[in-house]
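To keep things clear, I will list the structure first and then write my remarks on it.
None of the figures in this text is laboratory data; all of them are computed from the coordinates on show. Treat the numbers as computed from the prediction; the structure is a model and nothing was measured. Here the Cβ is made from the backbone with ideal geometry for all residues, glycine too, and neighbour counts use every protein chain on show.
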Amino acid sequence: MKRSWPFLVPGIILAALGLVWTLQGTDVLGGSVMSGSSFWGIVGVVLLVVGLVLIVIAIVRRRPRRTG
């Protein structure tokens, strides 16, 4: 088994944080100091993309390679 969990776990955490921060920054999810702030909306999108890239890397590393 290849070690994909070092990419998968941070990817899931970053994607979840990015989603929450994006929703707060766009004022969809209220109740925070971050609500309605475009800064947190942008930071959230960046974290979401980085998290998704890490998840994709973990999935690609987990697949067995086909040989000849």
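Normalise the Cα radius of gyration of the chain by 2.2 N^0.38 Å (N = residues in it) and let me know the number. Intermediate results must be reported in sequence, preceding the final value.
Details: Rg = 15.5 Å, N = 68, 2.2 N^0.38 = 10.9 Å.
Here the Cα radius of gyration is 1.42 times the empirical estimate.
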Computed E for Thr26/Val53 - FRET, C-beta separation, R0 30 angstrom, nearest 0.05 = 0.90
Find how much the distance from Arg65 to Ala16 grows on full extension, using 0.36 nm per residue of separation minus their present alpha carbon separation; answer in nm with one decimal.
-> 14.7 nm
Relative to the longest principal axis of the C-alpha atoms of the chain, give the angle of the C-alpha long axis of helix 38-62, reported between 0 and 90° and rounded to the nearest 10°.
-> 10
To the nearest 0.05, the calculated FRET efficiency linking Trp5 and Ser35 through their beta-carbon distance, R0 being 35 Å, is 0.60
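Among the trypsin sites (Lys or Arg not before Pro) in the chain, which ones are in a DSSP loop with at most 12 other Cβ atoms within 10 Å of the Cβ? Mind listing them?
Details: sites: Lys2, Arg3, Arg61, Arg62, Arg65, Arg66; in loops: Lys2, Arg3, Arg65, Arg66.
Passing both the DSSP loop test and the Cβ count: Lys2, Arg3, Arg65, Arg66.
Let me have the relative contact order for the chain, percent, based on Cα pairs under 8 Å that are six or more residues apart. List each step's numbers first, then the result.
Details: 104 pairs, mean separation 29.1, N = 68.
It comes to 43 percent, rounded to a whole number.
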